[in-house]
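Each remark here refers to the structure printed beneath this line.
Values in this text are rule-based calculations from the coordinates and carry no lab data. Here the structure is a predicted model, which means the values were calculated and not measured. Positions of Cβ are generated from backbone atoms using ideal geometry, with glycine treated the same way; all protein chains shown enter the neighbour counts.
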Amino acid sequence: MADAALDNDVILKGASYGVLNDLLAALPNGPHAHGILGAARFMLPKKLARKPVIRKEAALAELNEALENFDVLEPDEMEQRLAAELQFNAQHASLALDAGEAQLAAMVVTRELRHLLTGDKRAIAALASTPLPVQISRQQLAHKLVCFEQAVWSLLDHQDASNVRAAICAEREVDVQMRICFSCSTPEVEETSWREGLRSAIEEVRGHCPDLLATI
C-alpha cells in the first residue's frame, strides 16, 4: 500500500534521465511505497513519446515498467471535493495548481501519507498560500512536500555523482534547471558547484513555502 505520493513530472524526468528507480530509492527515511494517479499509466507513455529525449526507447521501457509497479492512488468522493475546492481557490488567487497536484495534495492530507514528491514548483508555491478548504489545515501539509531538486540531491549522496551528472547532461532538454545546476555546458566544473546550484534551487523553492518543504 502506498505511503507516499509521486507526481507525473518527477516520473517523466526520472525515466528520461534513466534514474527513476535510483532516485526514489535514495530518498531519506525510506523505503517508500509511492503511489501515482491512475491516469498516469495512460498519459505518461504518450507524453514521453513526444518529448525530445535522446534515449527514447530505454526511457519508455523504464517508464512502463515503473508504472506497472507503482500503487494507484484514486481520490474518493471527499478527496475529489477537497481537490476541486483547492484548485478553485488557487485559480481565484491567480495561482497555478492543476487538478492532479490538487488531488495528490488532498490524499496526502486525508490519508496521512509521508510526502508528496513533485516537480511542479508552481504547485508547491500555490499550496503554500492558496486558501484551504475548512476541512484541512496547512499544518497537515507541513514538511510533506519534496521537490525534484531535493530528490536529486539525495541521489548524489547515494550514487556516483559524476554518473548522475552524465545522465542529466546527456538529456539537456529534459529540465533547464537541472542543466544549469550541473553546469552541463562547462565540463570542468566540479561537484561542489553542482551541489551549490542544487542548494540554491532548493532554497528558492523553500522561500515560497518554508513550512511545507521537507528537510533533506
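Within region 102-121, residues that are in contact (Cβ under 8 Å) with a residue 60 or more places away in the chain reach partners that are of a type in the set (Phe, Trp, Tyr) with beta carbons closer than 7 Å, at six or more positions or on different chains, in the pairs Gly119/Phe148. Could we say that Ser129 is within 21 Å of Asp9 (Cα to Cα) and either of a type in the set (S, T, N, Q) or touching a Lys or Arg at 6+ places or on another chain (Cβ under 7 Å) (or both) here? So Ser129 fails the test.
Is one or more of the residues making up region 113-120 within 15 Å of the chain's Cα centre (by Cα), part of a helix (DSSP H, G or I) and under 23 Å from Trp153 (Cα atoms)? Among the residues of region 113-120, not one is within 15 Å of the chain's Cα centre (by Cα), part of a helix (DSSP H, G or I) and under 23 Å from Trp153 (Cα atoms), which makes the answer no. Checking each residue in region 166-203 for being under 22 Å from Asn8 (Cβ atoms) and not aliphatic (A, V, I, L, M) picks out Glu171, Arg172, Glu173, Asp175, Gln177, Arg179, Cys181. In region 100-107, the condition of being surrounded by fewer than 21 Cβ atoms within 10 Å (Cβ to Cβ) and either out of contact with any Gly (no Cβ under 9 Å at 6 or more places or on another chain) or part of a loop (DSSP other than H, G, I, E, B) (or both) is met by no residue. The condition of being in contact (Cβ under 8 Å) with a residue 60 or more places away in the chain, in contact with a helix residue (DSSP H, G or I) (Cβ under 9 Å, 6 or more places away or on another chain) and over 15 Å from Leu155 (Cα atoms) holds for only one of Asp3, Asp22, Asp7, that being Asp7.
Restricting region 83-95 to residues that are aliphatic (A, V, I, L, M) and in a loop (DSSP other than H, G, I, E, B), which is surrounded by the fewest Cβ atoms within 10 Å (Cβ to Cβ)? It would help to see each step written out before you state the result.
Residues of region 83-95 aliphatic (A, V, I, L, M): 83-84, 86, 90, 93, 95.
Those still in the list that are in a loop (DSSP other than H, G, I, E, B) too: 93, 95.
On the way: Ala93: 12, Leu95: 18.
The qualifying residue surrounded by the fewest Cβ atoms within 10 Å (Cβ to Cβ) is Ala93.
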